[in-house]
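Quick notes on the structure that follows.
The values are calculated or read from the model by the stated rules, or taken from the named source; none is laboratory data. Just so we're clear, the structure is a prediction, and the values are computed from it rather than from any experiment. Neighbour counts run over all protein chains shown; Cβ positions are idealised from the backbone, glycine included. The protein model used for the area step is the full one, side chains on, heavy atoms only, and it has no ligands, DNA or RNA in it. Shrake-Rupley method; radii C 1.70, N 1.55, O 1.52, S 1.80 Å.
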Amino acid sequence: FWIPASIPTDSLKRNASVVSSKLVFIGTLNSKNGVYILPKIVRYLKDHGVVNIGLDIMGDGPDRKMLEGQIKELDLTKNIRLFGNLRFEEFADKLTYYQAGIVSYEFSEDNLLQTTDSMKQRLYAAAGLPIVITKGFDFSSEVEKNAIGISVPFGVESFAKALLKLLTDTILANKMRKTALLYSKKYDLHTFYQRAFAKILEDKKL
């Protein structure tokens, strides 16, 4: 049985309506995750009127020092926070209060990410966050098809414009949020295992 990247949806707080200027990124801090464009995205948003923009980055990795340098260089020390690796319990009740979640994988036809399932995408959806994600992956097509976020070409401006839309159009953002909360129930971990065991027991009876 195929079990996708998933978590029990009831392990996260799930708000259907949020208005915030805060964004979040969860993941390893490396080039494959496209983290080097994150400070420039925040700088773009700040320069385009989102004065109180905030980005919380949860994770660690080889590009942390590079990020710290970019944040200082772009004068964003008050806008971007680096939390390092957090336990699930440390963000499970807070994730839902962000306006959007970023999935900035650097697309490549040779990238093994093509064949994976994105855990950060599942986390964001379970918490109700609209997702802004790189185009080209199966899981990014899923985001677009099910209206739980926006898929864009990899790059600072494309990500920034999509995020700006979600930050300024709260009706759209909350519509996507409600859709994500509903959609994520299909990927609830308990639901998948219940189906799998039900099928196994059914086959044993035969």
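Suppose the filter is under 16 Å from LEU38 (Cα atoms), open to solvent by 30 Å² or more (accessible area, probe 1.4 Å) and hydrophobic (A, V, I, L, M, F, W, C); does VAL152 pass it?
For VAL152, the condition - under 16 Å from LEU38 (Cα atoms), open to solvent by 30 Å² or more (accessible area, probe 1.4 Å) and hydrophobic (A, V, I, L, M, F, W, C) - is not met.
It is to be established whether one or more residues within segment 6-18 are in contact with a strand residue (DSSP E or B) (Cβ under 6 Å, 6 or more places away or on another chain) and open to solvent by 20 Å² or more (accessible area, probe 1.4 Å).
Taking every residue of segment 6-18 in turn, none turns out to be in contact with a strand residue (DSSP E or B) (Cβ under 6 Å, 6 or more places away or on another chain) and open to solvent by 20 Å² or more (accessible area, probe 1.4 Å).
How do the helices (runs of 4 or more DSSP H) wholly within segment 106-198 filter down when requiring 1 or more residues that are over 22 Å from LEU95 (Cα atoms) and modelled with pLDDT of 95 or more: which remain?
156-168
Would you mind telling me which numbered condition in (1) modelled with pLDDT of 95 or more; (2) open to solvent by 30 Å² or more (accessible area, probe 1.4 Å) LYS32 fails?
(1)
Restricting attention to segment 127-163, which residues are hydrophobic (A, V, I, L, M, F, W, C) and under 11 Å from GLN99 (Cβ atoms)?
Within segment 127-163, LEU129, VAL132, LEU163 meet the criteria.
Mind listing whichever residues of segment 133-168 are within 12 Å of TYR44 (Cα to Cα) and touching a strand residue (DSSP E or B) at 6+ places or on another chain (Cβ under 7 Å)?
SER158, PHE159, ALA162, LEU163 - these are the residues of segment 133-168 that are within 12 Å of TYR44 (Cα to Cα) and touching a strand residue (DSSP E or B) at 6+ places or on another chain (Cβ under 7 Å).
Among the strands (runs of 3 or more DSSP E) lying completely within segment 1-95, list those that include at least 1 residues that are among the charged types (D, E, K, R) and over 15 Å from the mean Cα position of the chain (by Cα).
Where strands (runs of 3 or more DSSP E) fall fully within segment 1-95 and carry at least 1 residues being among the charged types (D, E, K, R) and over 15 Å from the mean Cα position of the chain (by Cα), they are 80-84.
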